[in-house]
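**Student:** The following block contains the structure, expressed as structure tokens.
The values are calculated or read from the model by the stated rules, or taken from the named source; none is laboratory data. The model shown is predicted, which means the values in this text are computed figures rather than measured ones. Neighbour counts run over all protein chains shown; Cβ positions are idealised from the backbone, glycine included. Keep in mind that these areas ignore ligands, DNA and RNA; they rest on the heavy atoms of the full protein, side chains included. Shrake-Rupley method; radii C 1.70, N 1.55, O 1.52, S 1.80 Å.
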Amino acid sequence: MTSAMLSTHPQPLRIGIAGLGTVGASVLRILRRQENALAARCGRTIRVTAVSARDRRRDRGVDLGGLAWFDDPVALAKSDEIDCLVDLMGGSDGPAKAAVEAALFAGKPVVTANKALLAAHGVALAELAESRNAALAFEASSAGGIPVVKTLREALAGNNVSRISGILNGTCNYILSRMELEGLTFEACLKDAQRLGYAEANPTFDVEGFDTAHKLAILTSLSFGTKIDAEAIHVEGISAITPLDLRMADELGYRIKLLGVAERTKTGIEQRVHPTMVPKSSAIAQVMGVLNAVSIDADAVREITLVGPGAGGDPTASAVVADIADVARGTAGLPFGLPIARLEKATRAPMQRHEGGYYVRLAVADRPGAAASIATRMAEADISLESIVQRRSPEAVTRDPGGRSGAPVPVVLITYATSEAAIRAALEKVSADGHVAEPPQVIRIEREQV
């Protein structure tokens, strides 16, 4: 390509950053460090000219001298001092939504990492962007430094995607990895994750699956050309996972991962977030620690898996800067790859119709007939059992060497493929029979590689 074929622009692209946390400071550093390289690649200079944050006095480890400061991010979005707003504030409403709307209404491109905002208002914001001929880019919203948005929207444009699944939250993957490798409890691993900065002081959003659900809602829209429907996602977290569950998974040839899964089914688009047993031989099972991974099943490429850092200042900033570069080049496309009018309202596939294998752990009274009664209830629901495993804890054996104390013991059932509705109905009857001492633990099994 000759230099004459490169687009050039006499004026720099002036960036306003709203939100100067870890990611915002990293974006500022990368843009300064890569200024010459980006100018050569984009045909114009990219410069941060203004910022907005809540606390002017905080030391962010980056020089803010010479930048215009705005206490109000909406005023930043409307300012004549910027050409492009970069939203790194977070939150589905409030200042983030108002600032993004203000920038788009003014015809200014917006780059955002805000998955909560997009999950709640992505279609409306994309419609506004389209009407004002402004770009809305969000590579950093779904898997940190992994370029999954561009992959779905651009690289796989010639494919029909049938399924997307992945590890979309590094906090949960870190906790499950530590629990498995070191035999620690969820509570111990969470405390350590908070100490290391991998988990927030209030970790509910991460560990109960809501962060993953927001990201999955965005990826579902990109994969299937549908309007975002975050309310359709079945969400479960990892707080109930125990070391025993991880040991049993290991014995059975699986690992437990918190997965977000979206796929076309006979009844519609199924979206779900929950702990899942995946085969140790699968690519996704090898992803440990704080890494993320996304697997895409499509007709032409078959299956591809992208692995990389899903959070952190520099990885997320890398994705933000990639979007800024597209804006500078003038190549930022339609937010969801299609005109908003062509996005379909997806038919929701009820979770009760989900089909697959199940791991069920029950705390069963150690008395004659209990296990047989449970097996009978499963048979009545047309559920075939692949195996039944009973485990007595070392403490129980010490207290009662001969067994039969009546104290609850763990009983694990592994089913062949069945429906969610059948499993839930059978377990309701098992609980009503009085043989179990606590709510059952149910983990879905992915027998095929994901």
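**Student:** Rounded to two decimal places and with Rh computed the Kirkwood way over Cα pairs, what is Rg over Rh for region 71-209?
**Tutor:** 1.06
**Student:** Here is a further query. Charges at C-beta only: +1 for Lys and Arg, -1 for Asp and Glu. How large is the resulting dipole of region 1-146 about its Cα centre, in Debye rounded to 20?
**Tutor:** 420
**Student:** What order do you get for 327-335, 207-215, 187-195, 140-148 when each peptide is scored by the mean count of other beta carbon atoms within 10 Å, highest first?
**Tutor:** 140-148, 207-215, 327-335, 187-195
**Student:** Restricted to Cα positions, what overall size does region 299-377 have along the principal axes? Three whole-Å values, descending.
**Tutor:** Per principal axis, max minus min of the Cα coordinates gives 73, 35, 23 Å.
**Student:** Still on this structure, I have one more. With a 1.4 Å probe and every protein chain left in place, work out the accessible area per residue of the chain in Å², rounded to a whole number.
**Tutor:** Here the residues of the chain average 44 Å² of exposed surface.
**Student:** Using a 7 Å offset from the Cα along the Cα-to-Cβ direction at both ALA283 and SER239, what is the distance between the two label points in nm, to one decimal?
**Tutor:** Result for the modelled spin labels: 3.4 nm.
**Student:** In whole percent, what relative contact order does region 74-207 give with Cα contacts below 8 Å and a gap of six or more residues?
**Tutor:** Averaging sequence separation for qualifying contacts and normalising by length gives 16 percent for region 74-207.
**Student:** What is the projected area of the convex hull of the Cα atoms of region 164-256, averaged over all directions, in nm²?
**Tutor:** Hull-based average projected area comes out at 6.6 nm².
**Student:** Next question, about the same structure. Consider all pairwise Cα distances in region 14-108 and report the whole-number % of them above 22 Å.
**Tutor:** Of all Cα-Cα distances in region 14-108, 25 percent exceed 22 Å.
**Student:** Then there is this: Please compare each pair in LYS150/LYS215; LYS257/LYS280; LYS78/LYS227; LYS115/LYS227 to a cut-off of 18 Å on the Cα-Cα distance and tell me which ones are over it.
**Tutor:** Going by Cα-Cα distance, LYS78/LYS227 fall outside the 18 Å limit.
**Student:** So what is the relative contact order for the chain, in percent, with contacts set as C-alpha pairs under 8 Å and at least six apart?
**Tutor:** Answer for the chain is 16 percent.
**Student:** Another question, then. Measure off 7 Å from each Cα along the Cα-to-Cβ vector at ALA300 and GLU438, then give the distance between these two points in nanometres to one decimal.
**Tutor:** 5.1
**Student:** Further question on the same structure: Towards the positive end of the charge dipole of region 9-122, with charges on Cβ (+1 Lys, Arg; -1 Asp, Glu), say which of LEU118, VAL62, ALA102 has the farthest Cα.
**Tutor:** Comparing the listed Cα positions along the dipole, VAL62 ranks first.
**Student:** Cα axis of helix 420-432 to longest principal axis of the chain: angle in degrees, 0 to 90, nearest 10?
**Tutor:** On a 0 to 90 degree scale, this one is about 50.
**Student:** Quote the charge dipole size of the chain about the Cα centre in Debye, to the nearest 20; the model charges only the Cβ of Lys and Arg (+1) and of Asp and Glu (-1).
**Tutor:** Rounded to the nearest 20 debye, it is 580 debye.
**Student:** Got a number for carbon plus sulfur as a percent of region 89-131's accessible area, 1.4 Å probe?
**Tutor:** So the carbon and sulfur contribution to the accessible surface is 57 percent.
**Student:** Something else now. Report, in degrees rounded to the nearest 10, the 0 to 90 angle that the Cα long axis of helix 115-131 makes with the longest principal axis of the chain.
**Tutor:** 40
**Student:** Rounded to a whole number, what is D in µm²/s for region 250-364 from Stokes-Einstein with the Kirkwood radius over alpha-carbon pairs (4 °C, 1.567 mPa s)?
**Tutor:** After rounding, the answer is 73 µm²/s.
**Student:** Evaluate Rg over Rh across the chain, taking Cα atoms for both radii and Kirkwood's formula for Rh.
**Tutor:** My calculation of the ratio gives 1.05.
**Student:** Next question. Rounded to the nearest 500 deg cm²/dmol, what is the calculated helix-only ellipticity per residue at 222 nm for the chain, with -39500 (n - 2.57) per DSSP H run of length n ≥ 4?
**Tutor:** Rounded to the nearest 500, it is -10500 deg cm²/dmol.
**Student:** Moving to a separate point now. Pop out the carbon and sulfur fraction of the accessible area of region 195-264 as a percent, whole number, probe 1.4 Å.
**Tutor:** Whole-percent figure for carbon plus sulfur exposure: 46.
**Student:** Rounded to the nearest angstrom and ordered from largest down, what semi-axes does the equivalent ellipsoid of region 5-69 get from its C-alpha gyration tensor (root of 5λ)?
**Tutor:** 25, 12, 8
**Student:** Along the charge dipole of region 1-159, which of VAL74, GLY19, LEU136 sits closest to the positive end, that is, farthest toward it, with unit charges on the beta carbon of Lys, Arg, Asp and Glu (+1, +1, -1, -1)?
**Tutor:** Checking the options against the dipole of region 1-159, the answer is GLY19.
**Student:** Grab the Cα-Cα distance for GLU251 and GLU380, subtract it from 0.36 nm times how many residues apart they are, and report the gain in nm with one decimal.
**Tutor:** 43.6 nm
**Student:** So how strong a dipole does region 140-210 carry about its Cα centre when Lys and Arg Cβ are +1 and Asp and Glu Cβ are -1, to the nearest 20 debye?
**Tutor:** My answer is approximately 300 debye.
**Student:** How far, in degrees from 0 to 90, does helix 210-224 lean away from the longest principal axis of the Cα atoms of the chain, to the nearest 10?
**Tutor:** For helix 210-224, the angle is close to 70 degrees.
**Student:** Mind listing P(r) for region 216-256? All alpha-carbon pairs, 5 Å bins, whole percents.
**Tutor:** Using 5 Å bins, I get a P(r) of 5, 20, 16, 12, 10, 13, 16, 8, 0 for region 216-256.
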